[in-house]
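S.K.: Structure provided below as structure tokens; questions to follow.
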Amino acid sequence: GDVLELEVDAEQTGPITNPATGQVFARVPRGGQAEVDAAVAAARAAFPAWRSTNLSRRAEVLFRVRELVDANRKEIATLLSKEHGKVLSDALGEVDALVAARHSVVLEVGGLVRAIEWLAERTLGTAR
């Protein structure tokens, strides 16, 4: 699908610090109002296509997200551990809980999709 790419001034970065050690382990670009506006515009533009996508395709997409999280669980947990200062076992537990929850949610995709549509309609003003 389409990817939103934004130019961000490399001089405008912020540190990501491990609270357990105080060590800066990464720097990330800072976004401003222009980046927020671009992201919101992209979400609004993408919503009609997602809304018109049939339920089985939406379920397929959600299952794929679950598979990707599961396949990358150690890397995600390592980043979570550093960012939050958690021990790795706690971070792995959170990722595993997300995968398990995602599975439950995907099984209830019809209700989830309706809930997402309801929220998006109220948030983005895209009521039918």
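The values are calculated or read from the model by the stated rules, or taken from the named source; none is laboratory data. Please read these numbers as outputs of a predicted model, since none were measured by experiment. All Cβ positions, glycine included, derive from the backbone under ideal geometry; neighbour counts span all protein chains shown. To get the accessible areas, we keep the full protein, side chains included, count just its heavy atoms, and leave off ligands, DNA and RNA. Shrake-Rupley method; radii C 1.70, N 1.55, O 1.52, S 1.80 Å.
S.K.: Over the stretch 57-100, what relative contact order in percent results from Cα pairs under 8 Å that are six or more residues apart?
M.R.: This gives 39 percent for the stretch 57-100.
S.K.: Mind checking the per residue accessible area of the stretch 6-64 for me, 1.4 Å probe, whole number of Å²?
M.R.: Values: 4160 Å² over 59 residues.
Heavy-atom accessible area per residue stands at 70 Å².
S.K.: Please find the FRET efficiency linking V40 to A101, where r is the Cβ-Cβ separation and R0 is fixed at 30 Å, and quote it to the nearest 0.05.
M.R.: Values: r = 27 Å, r/R0 = 0.89.
Step by step, r from the Cβ atoms, then E = 0.70.
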